[in-house]
Amino acid sequence: MKLDRFKLGILFNFDPIWMGGLIYILNSIKILNFLEDQDKPIVVVFFDKRVEEYVNQIDYPYLEKVPNIYPSIYKGYLSSLLNNKNVFVHDLIESHRLNAIFPMHDYPVKSKLDAKLVSWYADLQHKYYPNFFTKKRLLERNIRINLILKNSKQLVVSSQAVKDDFLNFYKVPKSIKIHIYHFVSIIDNLPMLNSDEIQSKYNLPEKYFIVSNQFQKHKNHIVVFKALAELQKKGVPIHVAITGRFPSDPNSLYMKELHDIVNLNKLKNSISFLGLIPRGDQLLLIKNAVAVIQPSLFEGWSTVIEDAKSFQVPVIASKLDVNVEQLGEKGTYFDPHNHHDLASILENYPLIDQPKTLYEPYENRMKNAAYEFLAVFK
């Protein structure tokens with residue numbers, strides 16, 4: 001007897017520059033492999049050509065890949081208002097007979113379809129650090145969020161901290177249900193390299209810490225660099241590998257500020273700028289690190305912390321509510337505005353004997369997350 005499977009549409013229209021969003025979508029599909037077979041939905045991925053290479057890497061038994069040309073934002077909103085239907089998804093839902101579709105970012109009008117349209121918003125960073133955004137970007141974010149809250153019935157966020165922010169900064173209608181889905185990091189397709197080989201490939205010492213963030217100001221690399229400068233003066237040898245996409249602007253003031261700290265304090269032998277490296281290599285470097293340092297001033301839910309948890313690697317994190325929610329008592333925390341605090345931790349950290357199993361076992365975490373994600377739609 002043929003099983004009548006739930007049919008879930010996935011909108012994959014992210015710019016690949018945003019690695020966090022890209023990994024979020026890929027893992028949201030891959031996590032379904034951890035469901036029992038009878039619970040696995042059919043997943044129809046509507047993808048933009050920019051992410052086709054990533055879609056082709058997805059291994060899932062009930063996957064349908066559909067190239068899709070998405071309307072431009074302004075044209076899509078105008079057309080939706082004129083036709084009183086959400087042109088971003090209406091025809092996709094009807095032609096593919098979807099039971100649900102995710103993640104909805106653009107919700108210009110209410111939907112009259114029976115399918116469940118589930119919105120997603122990563123975080124409300126702009127409410128805490130508006131200076132990191134242009135006026136146009138701030139306006140766009142607020143309009144998009146207000147329309148989601150007005151027209152959507154389902155909203156997924158990545159943490160209790162983000163849900164609390166929505167309730168604090170916006171008037172959330174009682175008609176909208178906010179789901180918390182704790183994203184987890186799936187480990188697959190790792191290169192066949194041992195610890196010596198991956199460290200040799202990137203010219204790293206045996207003992208190193210790692211920071212894996214894009215070079216944006218709120219990622220707060222500065223506190224790490226200043227902590228290393230303090231330890232350098234004390235004669236404490238600490239090495240940090242830094243991965244992440246460099247700014248597209250060759251005259252980035254943020255990069256200049258970081259390099260000024262490096263040059264002034266002679267830190268070139270203490271920091272390895274690795275840039276954007278293959279995902280598999282990055283994961284192997286995390287796996288073999290003494291610890292991950294997550295110094296951000298703001299996060300919705302940290303991918304790199306989830307990477308560390310999947311490898312049972314300890315994390316030294318800025319003391320944000322979301323990081324504490326993510327790590328609990330397993331994390332080591334510091335004030336993100338106080339480099340002395342971080343330096344004190346790093347000075348003695350290699351001597352700390354970490355237990356081999358810090359977090360919940362990998363398979364358990366993945367299966368729990370898979371059913372948590374599925375519950376949003378069913």
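The values are calculated or read from the model by the stated rules, or taken from the named source; none is laboratory data. Worth saying up front: this structure is predicted, and the values here are computed from it rather than measured. Here the Cβ positions follow ideal geometry from the backbone for every residue, glycine too, while neighbour counts run over all protein chains shown. Side chains are part of the model used for accessible areas, which takes the heavy atoms of the whole protein and leaves out ligands, DNA and RNA. Shrake-Rupley method; radii C 1.70, N 1.55, O 1.52, S 1.80 Å.
Assorted remarks:
- Of all residues in segment 228-271, those being in a strand (DSSP E or B) and under 27 Å from Glu53 (Cβ atoms) number 3.
- Taken over segment 203-222, residues that are in contact with a strand residue (DSSP E or B) (Cβ under 9 Å, 6 or more places away or on another chain), touching a residue at least 60 places away in the same chain (Cβ under 8 Å) and buried (at least 16 other Cβ atoms within 10 Å of the Cβ) amount to 10.
- Those strands (runs of 3 or more DSSP E) of segment 1-103 in which 3 or more residues are buried (at least 16 other Cβ atoms within 10 Å of the Cβ) occupy 7-12, 42-47.
- Tally of residues being part of a loop (DSSP other than H, G, I, E, B) and under 15 Å from Gly300 (Cβ atoms) across segment 134-169: 2
- Taking the criterion of being under 20 Å from the mean Cα position of the chain (by Cα) and farther than 13 Å from Ala122 by Cα, the residues of segment 165-198 that qualify are Val184, Ser185, Ile186, Ile187, Asp188, Asn189, Leu190.
- Odd one out for Tyr333, checked against (1) under 19 Å from Ala161 (Cα atoms); (2) open to solvent by less than 50 Å² (accessible area, probe 1.4 Å); (3) not charged (D, E, K, R): (2)
- Subset of segment 162-175 that is farther than 18 Å from Tyr24 by Cα and not charged (D, E, K, R) - its residue that is least open to solvent (accessible area, probe 1.4 Å): Phe166
- Taking segment 14-63 as the range and being among the acidic types (Asp, Glu) and more than 25 Å from Phe88 (Cα to Cα) as the test, the residues that pass are Glu36, Asp37, Asp39, Asp59.
- When Val290, Val304, Val313 are screened for being of a type outside the set (Gly, Ala, Ser) and open to solvent by 20 Å² or more (accessible area, probe 1.4 Å), only Val290 passes.
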